[in-house]
Structures are given as structure tokens and as C-alpha cells.
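I have placed the structure first, in the form of C-alpha cells, so that the comments after it can refer back to it.
The values are calculated or read from the model by the stated rules, or taken from the named source; none is laboratory data. This is a predicted model, so every value here is computed, not measured. We place every Cβ from the backbone using ideal geometry, glycine too, and count neighbours over all the protein chains shown. Note: accessible area is taken over every heavy atom of the protein model, side chains too, but ligands, DNA and RNA are not part of it. Shrake-Rupley method; radii C 1.70, N 1.55, O 1.52, S 1.80 Å.
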Amino acid sequence: MKKLIITTDDYGVVPIINKAIIQAAQAKKINSVAAFSNFDGYNKDGLKKYKSAIANAKILMDKTNGEVDLGCHFTITSGKPVTGNKAKSLIDEEGYFRAFYEYRRDIDLKELEQELDEQLMRFKDANLPITHLSSHHNALTLFPEIYKTYLKVCKKHKLATRAALSRPSKKYNLFLKILSLKLMDGDMSRKNRK
């Protein structure tokens with residue numbers, strides 16, 4: 001049993017981040033990686049520019065001889081849903097997930113569960129060994145009903161999840177105040193940001 005887990009997030013999309021994570025894993029500086037599954041390699045212009053997140057996950061496991069724990073880094077705030085337009089309550093007009101600062105709690109929980117299941121299935125279908133789950137931006141932990149759906153998926157697939165509680169440093173206090181107003185559908189005008 002591991003006594004200390006040192007993990008990285010956001011693997012699978014940005015080449016320089018992927019490279020740094022592989023180097024850290026090879027140097028035994030980390031032993032766990034949380035990877036996206038929803039990135040298909042196309043940019044917003046529809047051009048195939050990068051490898052998909054799943055292809056990148058295979059590269060990671062190959063270059064580390066499978067010695068890192070691979071986690072599915074669920075996202076509902078970056079990129080596009082793997083369920084496409086079936087995730088209507090999670091997306092904007094262009095079919096992308098709402099940005100984190102536009103995140104709201106009025107989502108369809110069945111759509112959310114289906115999206116999370118499908119993000120995880122991308123790894124399973126590619127025969128990639130997933131050991132744990134995590135949430136990009138901790139977005140799945142912000143509201144009780146959404147967090148409950150996230151935990152339901154964790155239990156259904158018998159996978160551990162990273163602890164959701166973290167406390168940002170003081171330099172993020174203004175960001176947190178603005179975010180809390182936005183999440184509660186508060187008035188975001190400059191006069192109400194204090």
C-alpha cells in the first residue's frame with residue numbers, strides 16, 4: 001500500500017504539460033496522474049492538431065512502464081462532453097462545457113451521470129487501468145446534489161476519489177468571493193465584488 005500519493009492533474013491535452021508529467025513520472029517525482037478523456041485532438045477550427053487524450057494516456061503508461069496510477073480527471077468545465085448534445089444542461093450554445101466561471105447548479109443530474117460514465121468508459125474501452133477519479137476545478141464537489149451524483153459514479157465503478165476539501169491561499173480570496181457570487185447567481189457588477 002502506498003503511504004504517500006503525489007499526483008498531477010490535467011494530463012492529456014497540452015503537449016508541454018504532458019511532457020512535464022511524463023518526465024516527473026519517469027524521475028519518480030510523482031506516482032499518480034489524473035488524465036482527461038474528453039479531448040479528441042481537434043482545435044476549435046476543427047483541425048486535427050494534437051493526439052487525443054486517450055492516445056496521450058497510452059503514451060504515458062508506455063513511457064512509465066505502467067508504474068503510475070492513472071485516474072480519470074472528470075471535467076464538466078473544459079472542452080466538449082463525450083456524450084455530445086445529450087448533455088444539453090452542461091453545455092453552451094457552441095457545444096462546449098460552460099467555463100468554470102459560468103458554472104451553475106441547474107444541471108440535469110441524469111445527463112451528468114451519463115457524461116461521467118462515458119468519460120470513464122473511454123479509458124476502459126482503451127484497456128487503460130483506471131485506479132481513481134478526480135474532478136477538474138473540483139466542479140463536481142461544489143454543490144451537494146452534484147457531489148452526490150459524482151460519488152454515485154465512484155461507487156458504481158468501485159473507484160476511489162480524491163478528497164474534495166482544499167483551502168486556497170489568501171491570494172485567491174477575491175477570486176473565491178467573485179466565484180461564490182457567480183455560483184449563487186449573484187450580481188457580478190464591480191460595486192458588489194467587495
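Condition test on ALA164, is it at pLDDT below 95, in contact with a Ser or Thr (Cβ under 8 Å, 6 or more places away or on another chain) and surrounded by fewer than 15 Cβ atoms within 10 Å (Cβ to Cβ)?
So ALA164 passes the test.
Would you check if GLU113 is touching a Lys or Arg at 6+ places or on another chain (Cβ under 9 Å) and in a helix (DSSP H, G or I)?
Against the criterion (touching a Lys or Arg at 6+ places or on another chain (Cβ under 9 Å) and in a helix (DSSP H, G or I)), GLU113 qualifies.
Within the range 13-28, can one find any residue that is in contact with a Leu (Cβ under 9 Å, 6 or more places away or on another chain), farther than 23 Å from PRO144 by Cα and in contact (Cβ under 8 Å) with a residue 60 or more places away in the chain?
No; the residues of the range 13-28 include none that is in contact with a Leu (Cβ under 9 Å, 6 or more places away or on another chain), farther than 23 Å from PRO144 by Cα and in contact (Cβ under 8 Å) with a residue 60 or more places away in the chain.
Among the residues of the range 75-86, which ones are surrounded by 13 or more Cβ atoms within 10 Å (Cβ to Cβ) and either modelled with pLDDT under 90 or touching a strand residue (DSSP E or B) at 6+ places or on another chain (Cβ under 8 Å) (or both)?
THR75, ILE76, THR77, SER78, GLY79, LYS80, PRO81
Among the listed residues TYR101, TYR50, identify the single one that is closer than 20 Å to GLU145 by Cα, of a type in the set (Phe, Trp, Tyr) and touching a helix residue (DSSP H, G or I) at 6+ places or on another chain (Cβ under 7 Å).
The unique qualifying residue is TYR101.
Mind telling me which of the residues PHE123, PHE100 ends up being open to solvent by less than 10 Å² (accessible area, probe 1.4 Å) and within 30 Å of LYS29 (Cβ to Cβ)? Let's see the steps before the verdict.
Details: PHE100 fails: open to solvent by less than 10 Å² (accessible area, probe 1.4 Å).
Answer to the check: PHE123.
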